[in-house]
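In what follows, a structure is listed as structure tokens, so that the remarks can point back to it.
The values are calculated or read from the model by the stated rules, or taken from the named source; none is laboratory data. What you see is a predicted model, and the numbers here were worked out from it, not measured in a lab. For neighbour counting, all protein chains shown are included, and Cβ atoms are generated from backbone atoms with ideal geometry for every residue, glycine included. Protein only, heavy atoms only, side chains kept; ligands, DNA and RNA dropped before computing areas. Shrake-Rupley method; radii C 1.70, N 1.55, O 1.52, S 1.80 Å.
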There are 2 protein chains.
Amino acid sequence: MRSITVKAPATVANLGSGFDLMGLAIHQTADVVTVKERSDNLVILQEIIGDGGLLPRETAENTCTVAIVSLLKHLDSNKGFDVILKKHIAFNSGLGSSASSAVAGVFAVNALLGNPLSKKELIPFAVDGEYVASKGFHGDNVAPCMLGGITYIQSLNPLCIEQLAYPENTFIVVLYQYVKVSTAEARAILPKQYDKAVVIQQTARTAALLTGLNTSNDKLIQFGLGDEIATPYRKQLIPHFDTLETEAMKNGAVGFNISGSGPSVFAWCNGEENANQVKQAWQTFMQAEGQPFEIYCSPINYEGVFIC
Amino acid sequence: MRSITVKAPATVANLGSGFDLMGLAIHQTADVVTVKERSDNLVILQEIIGDGGLLPRETAENTCTVAIVSLLKHLDSNKGFDVILKKHIAFNSGLGSSASSAVAGVFAVNALLGNPLSKKELIPFAVDGEYVASKGFHGDNVAPCMLGGITYIQSLNPLCIEQLAYPENTFIVVLYQYVKVSTAEARAILPKQYDKAVVIQQTARTAALLTGLNTSNDKLIQFGLGDEIATPYRKQLIPHFDTLETEAMKNGAVGFNISGSGPSVFAWCNGEENANQVKQAWQTFMQAEGQPFEIYCSPINYEGVFIC
């Protein structure tokens, strides 16, 4: 019986003004999934390591196995698989933890089946998997986790996903604080409606982000990494939001915002040296606060999920 | 006493999902302005040709002279000028008529003064001029009229305008029907607020438009030329809107929408042959309807205002 192990990276979704639409992949951290063929047609989640026993073990309830089952059904396959899931991305961290497990699952199974589908074609099945955790079909974590780089999702049905250009030297610094932001609360806090002027400002930011990425214009990227839909409301759920933003910008970051629905935040930096400066400033501040945290610092991950 | 004559093209603003932000210049039609030095420091609108006597003749009330006065004030200049304005762009047509006169005025005067400012730097003064006609500071007609091409305005203060890439072979077909759409009505008909899902769809369209323009992807451009803010409400003010859209798309247009706040509409076409097909289809339909109209068909005007 053959087996395969794959690694699916953490992602920053709700990328600035690309709320619900855009995301990017980073190098640290990543979920690792091992999939082994079975002699029957069952999909069994044999083990989850690193979740403190908190994630569901039932095939029909875990994002990874739900995604695999959705893929097998589409392929009309009668194969079965054992799954071992090593969680490194904290769930409810705003770093696409559930998307990562789902992507890893379908990517691994597809590889064992001889790659009947492309990475892009696998996305809808990973989105099916993520749905059981997030109750939403967005794909703005799934797409960059699968494909790498920065992705923009025009629509999931029919599937229309674009990989965006970005300045080569871009580094992302992510700060994850060990605080719980309930996804339900992060959703409930958003307005149902927005003023026309706010809509225009949001589209101005989106146009700036796309133009800035294409022309490596930091000023446009900065404006485009701002957001009118979620950030003004969700920032209050994130401890030290304003200080972290000030520290990032004071230390030369191009932009700053919430990763996913938080509590993680990210700084967009031009070059490794700048990224290290921001990382250092955040570390110093968080250590003085005495709150537990993680910092991840890397270039944008251009590859996405891969076979270990 | 020296004089100069300049030509400022018609423009398509509210370009799809770039409502209030994006516009493009076309080749036909254009306003022509002649400016002559005076021996005193007055700015006098000597003559307007082609407006049927409908536009204001007072220096403080005409967009062209208001723009000139605003520029002269900024330059702390004590020069005076006579102005002759030949209107070719119908006002209230949705083709940036008032912006065109304002752009022509400041561009001509700046040239006679030895070009103290760049075209881009002239934009705020043309916007001041347009304000007396439109009562709004947007610049999405002024910018493409001045610079040519497709422009995106991130902000007017501080001035941040980008010229966007677009597929080389793009042709624009504009249909202007002789019907009056009151700007006040076109404004009043828009909602004050929009649902969150609508905001996200609009930003998805904007991201598609920018990505499509950069990668010459017609499918993305088509989606991006759609609009959620104004089109669903204003289309009812434009006779035959649905038929004109159907005819354009049936004849191979990439996209279709309202130009400015109407009544003009435009089709985005890939190549001259396709543009002529759409033009022909619209002509046949409008002639059958027996309504008066104009059709303009040209590549995107990459130059903007120029000295004749």
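Under the condition of being outside any loop (DSSP other than H, G, I, E, B) and among the basic types (Lys, Arg), which residue from region B:73-100 is nearest to B:Gly262 (Cα to Cα)? Looking at the filtered set, the residue picked out is B:Lys86. Give region B:163-193 a look and list any residue that's in contact with a strand residue (DSSP E or B) (Cβ under 6 Å, 6 or more places away or on another chain) and within 14 Å of chain A (Cβ to nearest Cβ), or say none. Result: B:Gln163, B:Leu164, B:Tyr166, B:Gln193. Being open to solvent by less than 20 Å² (accessible area, probe 1.4 Å), farther than 20 Å from A:Leu147 by Cα and among the β-branched types (Val, Ile, Thr) holds for only one residue in A:Ile44, A:Ile26, A:Ile68, A:Ile48, and it is A:Ile48. Annotation: A:Met22 fulfils all but one of (1) touching a Lys or Arg at 6+ places or on another chain (Cβ under 8 Å); (2) within 30 Å of A:Ala208 (Cα to Cα); the unmet one is (1). Against the test of being of a type outside the set (A, V, I, L, M, F, W, C), touching a Phe, Trp or Tyr at 6+ places or on another chain (Cβ under 8 Å) and free of Cβ contacts under 8 Å to residues at least 60 places away in the same chain, the options A:Asp51, A:Asp40 yield a single qualifying residue, A:Asp51.
Of the residues contained in region B:124-133, none is found to be assigned to a loop (DSSP other than H, G, I, E, B), surrounded by fewer than 24 Cβ atoms within 10 Å (Cβ to Cβ) and either within 14 Å of chain A (Cβ to nearest Cβ) or among the hydrophobic types (A, V, I, L, M, F, W, C) (or both).
Among the residues of region B:170-191, which ones are out of contact with any helix residue (DSSP H, G or I) (no Cβ under 6 Å at 6 or more places or on another chain) and open to solvent by 20 Å² or more (accessible area, probe 1.4 Å)? Selection gives B:Tyr176, B:Tyr178, B:Val179, B:Lys180, B:Ser182, B:Thr183, B:Ala184, B:Glu185, B:Arg187, B:Ala188, B:Pro191. With respect to the stated conditions, A:Asn251 fails to be within 13 Å of another protein chain (Cβ to nearest Cβ) and either under 23 Å from B:Gln202 (Cβ atoms) or open to solvent by 10 Å² or more (accessible area, probe 1.4 Å) (or both).
Taking region B:200-225 as the range and being farther than 16 Å from B:Leu15 by Cβ and more than 11 Å from chain A (Cβ to nearest Cβ) as the test, only B:Ser216 passes. For region A:226-245, the condition holds for at least one residue, the condition being that it is facing chain B (nearest Cβ under 9 Å) and either open to solvent by 60 Å² or more (accessible area, probe 1.4 Å) or more than 18 Å from A:Tyr176 (Cβ to Cβ) (or both).
Residues that are surrounded by fewer than 21 Cβ atoms within 10 Å (Cβ to Cβ), in contact with an Asp or Glu (Cβ under 9 Å, 6 or more places away or on another chain) and aliphatic (A, V, I, L, M) within region A:87-120 comprise A:Ala90, A:Leu112, listed in sequence order.
Of B:Glu58, B:Glu37, B:Glu47, all but one fail to be in a loop (DSSP other than H, G, I, E, B), outside the structural domain of B:Leu213 (by TED's automatic domain parsing) and farther than 30 Å from B:Pro232 by Cβ; the exception is B:Glu58.
On the stretch given as region B:157-213, residues that are in a strand (DSSP E or B) and farther than 30 Å from B:Ser118 by Cβ total 7. Scanning region A:145-169 for residues that are open to solvent by 30 Å² or more (accessible area, probe 1.4 Å), closer than 20 Å to A:Ala102 by Cβ and within 17 Å of the chain's Cα centre (by Cα) returns A:Leu156, A:Gln163.
Considering only residues in region B:140-155 that are of a type in the set (A, V, I, L, M) and over 19 Å from B:Ser261 (Cβ atoms), the one that is farthest from the other protein chains (Cβ to nearest Cβ) turns out to be B:Met146.
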